[in-house]
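We did not get these values from a lab; they are worked out from the coordinates using the rules stated. This is a predicted model, so every value here is computed, not measured. Using ideal geometry, Cβ is built from the backbone for each residue, glycine included, and neighbour counts are taken over all protein chains shown.
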Amino acid sequence: MKSFERREKVARAIQIEIGNMLQKGAIKDDRIDKFVSIVSVNLNSSLSSAKVGFSILLQSEDDEMNLLEMASMKAALNDNSGYMRGAIARKLNLKYAPKIYFVESESLSKSVDMVDLIDRTVQEDEEKKGLA
């Protein structure tokens, strides 16, 4: 049972540290913008590898452009994962820091779409009430 608790604590700490690095601009890569959110961190049972789910706030309505932007961001994050791994090991005093793999998560863009849908529905309801 303790292994599970430690895994959850380390995963949460990694999520916070990566988020802080991205927010403060500690990673000097032009492909990484400040609109990146670290959504989840899943560690394997031996704490040797971590899948880090990230999401970005997409500005474009063009799906092809969004896919390119997401792929570019994923490549940039994975290219800098070694630096992040070392920084996390130093910050959290880990003897062995997990190898970091970044995976896309569409939760942020889905949340924005859901809010837009709710806003449209409320607006339509108000228009119907105004006509009645």
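Dividing the summed helix terms, -39500 (n - 2.57) for each DSSP H run of n ≥ 4, by the number of residues in the chain produces a 222 nm estimate of -20000 deg cm²/dmol to the nearest 500. When DSSP assigns beta bridges and you keep just the ones with both residues in region 2-106, what percent turn out antiparallel, to the nearest 5? Antiparallel bridges make up about 55 percent of those DSSP assigns within region 2-106.
Per-residue extension of 0.36 nm, minus the Cα-Cα distance of residue 4 and residue 30, leaves a gain of 5.7 nm for this segment. When each of 54, 35, 4 is scored by the number of other beta-carbon atoms lying within 10 Å, the sequence from fewest to most is 4, 35, 54.
Among 36, 115, 52, the largest mean-square fluctuation in a Gaussian network model of the chain, built with springs joining Cα atoms closer than 10 Å, belongs to 115. For the chain, the longest principal axis of the Cα atoms and the long axis of helix 63-79 meet at an angle of about 20 degrees.
Angle of helix 107-131 to the longest C-alpha principal axis of the chain, folded into 0 to 90 degrees and rounded to 10: 20°. The H on the amide N of residue 41, modeled in the peptide plane, is under 5 Å from the matching H of 53, each at least 5 residues off or on a different chain. Between 0 and 90 degrees, the angle of helix 81-92 with respect to the longest Cα principal axis of the chain falls at about 70 degrees.
What you get for region 2-106, charging only the Cβ of Lys and Arg (+1) and of Asp and Glu (-1), is a dipole of about 1160 debye around the Cα centre. The computed Rg/Rh (Cα atoms, Kirkwood Rh) for the structure shown corresponds, within (1) 1.00; (2) 1.13; (3) 1.05, to (2).
Extending 7 Å from the Cα toward the beta-carbon at both residue 123 and residue 96 defines two label points whose distance is 5.4 nm.
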